[in-house]
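**Student:** Pasting a structure here, questions to come.
Every number in this text was worked out from the coordinates using simple rules, so none of it is lab data. Since the structure is predicted, the reported quantities are computational estimates derived from the model, not experimental observations. Quick reminder, even Gly has a Cβ in these numbers, built from the backbone with ideal geometry, and neighbours come from all protein chains shown.
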């Protein structure tokens, strides 16, 4: 995505036993936040991370430096240790804020960043520009090596050509990056990336409204030990269950200016659903939410029930949202019958309404 110019904790009845999967391991945590091994590393990532698009202050309304600091602090206090950002979020502001935070916190944080939209999109991909973007992220984050850098929704043809992956491999050999992956818009792009040696991760849109990845890439990702990072778990707020058709958003909120994909892929906004239709479908989904569980936590829990998923990265502009999102890790898995009903709901009522690359 480009900018326009650009948890307390709940205690479950029983902790899940440790499970080993091809892609990730899940361990019970003493403080009820579960962790999974991030592919290609020894790092145990909280299965709920923090998406930091909003910290750019350009696409989710205004977020002050103080608000951003409070959000990052709340995430760490909730047990979150995985942040996802990008150079394009606020033209570097999100990375800079995280970099400052890293200098003051004693927590071990895994920072995944992205490149490929800021000043490179759509046709300025060279070894020199990829290197320059990497160096700029290193400087803003104030680190010697990036934990993970991801190609940020770059053109499909550039992915197919494959040179960009060679440049990332070279940067990894040099120690500039520890791992590389790709954030993609479609399952076609995901499948292209899965053919690349050394790919550590794929970042995808996956939620109750976007279930296509289950059948198209989950098995292959597990087989190849590629970590799956899930963005838009709440479909830009639809699955919080708090929005109505009368909802309004600030001028500098993508839910206002990108509803129909006017500035970037429509799938990044409300998961590609027309807003009014998304509200109607969300209302129907209320009947599936177990009593006593908030819709947002339920939506997050649904995603975490899939062993192919390594980490979910919901964004947050309020401390309460950070805490609620993190608490979904402690909830018990949803039952199989509910999963079957949600699969049928998606196929019968949702799939045909999704717009954009998918």
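**Student:** What is the fewest-to-most order of 124, 349 by other Cβ atoms lying within 10 Å of their Cβ?
**Tutor:** 124, 349
**Student:** While we're here: Which of rounded, prolate or oblate describes the range 19-353 when judged by the alpha-carbon gyration tensor and an a/c cut-off of 1.5?
**Tutor:** rounded
**Student:** At 7 Å along the Cα-to-beta-carbon direction for both residue 127 and residue 156, put a label point, then send me their distance in nm to one decimal.
**Tutor:** If labels sit at residue 127 and residue 156, their model points lie 2.9 nm apart.
**Student:** Something else: Starting from the 7 Å offset along Cα-to-Cβ, what nm value, one decimal, do you get for the label separation of residue 252 and residue 351?
**Tutor:** Modelled inter-label distance: 4.1 nm.
**Student:** Looking at the chain, what % of its DSSP beta bridges pair antiparallel, to the nearest 5?
**Tutor:** Expressed as a percentage, antiparallel bridges in the chain total about 25.
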